[in-house]
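What follows is one structure encoded as structure tokens, with my remarks underneath.
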Amino acid sequence: MAMNGSLKMAATALLLVLAIVPAALAVTHTVGDASQWASGVDYADWVKGKTFRVGDTLEFKYGASHSVDVVDKAGYDGCDGSSASEKHSDGDTDIELKTVGPKYFICPTPGHCQAGMKLEVTVVAASSGTPSAPTPPSSTPATPSTPDSPPAAGTPGTPTPASGSTSPPPPAGGASKGMMSYVLVGVSMVLGYGLWM
Ligand SMILES: [Cu+2]
């Protein structure tokens, strides 16, 4: 039964890895890449081919002549930062994408947005495409007792059909699913039933 124990530990480790990987996929997008947040960059072109997910971060890097205003669509279309929900001018601004939908950013320096220093990204849900384990990693699947001491319990599934026609539990059917835990549960049920009889 030591083999089963190590296999179960391996399976648990695998589940943990699968549960952790999606979180590790959160990405920081440096706006404009090497061009950064500056004049003369086509940010509509920069966005192409990229996927922005909830949990990702936009990092704006820019010189002292620029700023970042978080605006709505009207502010984006009109290059108007007067109703911006956030204003940043620290030169290195991280903005986490927290909700799905379009997000708009402009540089409020006069003339910059009008010349194209504006960014629209569409944020999508975080977990699309990863079918990972939906259940939390519960490491103790309720079978702590390894049935090793009573080996003579042989021929399970036939526990004295004394009480009428309907046999009590169908353990063989449950065990046929191939899951090791189900097998262990079935065996322990049979053993427990035998001891009880
Ligand atoms: Cu600017």
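The values are calculated or read from the model by the stated rules, or taken from the named source; none is laboratory data. What you are looking at is a predicted structure, and each value in this text was computed from that prediction instead of being measured. Cβ placement follows ideal geometry from the backbone for every residue including glycine, while neighbour counts extend to all protein chains displayed. Only protein heavy atoms, including side chains, enter the accessible area calculation; ligands, DNA and RNA are left aside. Shrake-Rupley method; radii C 1.70, N 1.55, O 1.52, S 1.80 Å.
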Revision key, fill the gap. Measure of exposure for THR30: accessible area at 1.4 Å probe, Å² rounded to 10, is 40 Å²
Practice item. Could you pull out every one of the aspartates and glutamates with an alpha carbon less than 20 Å from that of LYS61, ignoring same-chain neighbours closer than 8 positions? Key: ASP33, ASP42, ASP45, ASP69, GLU86, ASP90, ASP92, ASP94, GLU96, GLU120
Practice item. Within segment 83-112, which residues have the backbone N less than 13 Å from the label spot 7 Å out from GLU59 along Cα→beta-carbon, could you tell me? Key: 92-96
Check your understanding: Among rounded, prolate and oblate, which fits segment 27-124 when a ≥ b ≥ c are the square roots of the eigenvalues of its C-alpha gyration tensor, a/c under 1.5 means rounded, and a/b larger than b/c means prolate?
Key -> rounded
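Given a 1.4 angstrom probe, I'd like the percentage of the accessible area of segment 27-124 that is carbon and sulfur, rounded to a whole number. Don't skip to the answer; put the middle values down first.
Working: 2360 of 4870 Å².
The nonpolar share, carbon plus sulfur, comes to 48 percent.
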